[in-house]
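Chemist: After the structure tokens below, expect a handful of questions from me.
The values are calculated or read from the model by the stated rules, or taken from the named source; none is laboratory data. Please read all numbers here as calculations on a predicted model, not as lab measurements. Cβ placement follows ideal geometry from the backbone for every residue including glycine, while neighbour counts extend to all protein chains displayed.
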Amino acid sequence: MGEIADAIERADREAFTKDPPKTLKAQIRFLIKQFGSAKAVAEVLGVTADSVNRYRRGARHARPDVAAKIDDVVKARWQPLVRKRRQRQAAATGGITVETRARFGYTAPVGTTDDGRFRRLTVHLPPEYAQRLFDARNAGSGDQEMRHIIAEGFKEVYFQDGGTRAGGLSDVEINDIDYLDLDY
């Protein structure tokens with residue numbers, strides 16, 4: 001997954017209305033309920049069905065790498081309806097907030113500087129950008145396309161301030177991302 005897809009996934013995980021199971025036994029019970037059998041859970045985790053049943057009974061502790069994978073799979077499947085509802089709300093009315101530190105470059109008219117420079121920005125993008133980001137991620141688009149969507153939003157909202165300034169600005173690019181975080 002790309003940097004932006006990971007940021008969307010992190011924002012999704014923050015949508016929990018109820019915390020996911022914490023103990024290994026509870027996590028395994030949840031996964032067995034989700035996948036239907038210990039064998040199916042074992043295939044996802046890369047362990048044997050016997051190991052899964054031992055985890056469920058509390059007869060064995062998972063290795064740290066397996067425990068981390070179990071935690072990731074549980075979080076990925078926990079409360080998908082809550083995530084979908086938050087995404088629909090962001091795409092319809094709420095929008096999406098992007099916080100980043102990255103190098104921004106742009107194409108500007110002659111006589112102005114278009115040298116890229118690092119900026120730390122927190123910008124709330126309108127709902128249509130949230131919808132475009134979700135659509136791009138769901139379609140399996142690459143990180144570059146999602147960067148382009150965010151850059152267009154930054155151009156409109158931050159650099160051009162909704163059309164009140166920098167009218168000659170034609171293209172904004174995001175490069176060298178230090179960090180990127182999304183919230184909706």
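Chemist: Within the stretch 10-39, can you find the residues that are without any contact (Cβ under 8 Å) to a residue 24 or more places away in the chain and under 30 Å from ALA136 (Cβ atoms)?
Modeler: ASP19, PHE35 - these are the residues of the stretch 10-39 that are without any contact (Cβ under 8 Å) to a residue 24 or more places away in the chain and under 30 Å from ALA136 (Cβ atoms).
Chemist: Looking only at the stretch 12-27, decide whether some residue is acidic (Asp, Glu) and more than 30 Å from ASP183 (Cα to Cα).
Modeler: So the first thing to find is which residues in the stretch 12-27 are acidic (Asp, Glu), and the list is 12, 14, 19.
Now restrict to residues that are more than 30 Å from ASP183 (Cα to Cα): none.
No; the residues of the stretch 12-27 include none that is acidic (Asp, Glu) and more than 30 Å from ASP183 (Cα to Cα).
Chemist: State all residues of the stretch 1-36 that are polar (S, T, N, Q), touching a helix residue (DSSP H, G or I) at 6+ places or on another chain (Cβ under 8 Å) and either buried (at least 18 other Cβ atoms within 10 Å of the Cβ) or modelled with pLDDT of 85 or more (or both); if no residue qualifies, say none.
Modeler: GLN27, GLN34
Chemist: List the helices (runs of 4 or more DSSP H) inside the stretch 27-112, counting only whole elements, that have at least 2 residues being under 30 Å from GLU128 (Cβ atoms) and not hydrophobic (A, V, I, L, M, F, W, C).
Modeler: Fully inside the stretch 27-112 and qualifying: 64-77, 80-89.
Chemist: Filter the stretch 129-183 down to the residues that are among the aromatic types (Phe, Trp, Tyr) and in contact with a strand residue (DSSP E or B) (Cβ under 7 Å, 6 or more places away or on another chain) and list them by number.
Modeler: Across the stretch 129-183, the qualifying residues are TYR129, PHE154, TYR158, PHE159, TYR179.
Chemist: So, of the residues in the stretch 52-70 that are free of Cβ contacts under 8 Å to residues at least 12 places away in the same chain and more than 26 Å from the chain's Cα centre (by Cα), which turns out to be surrounded by the fewest Cβ atoms within 10 Å (Cβ to Cβ)?
Modeler: ALA59
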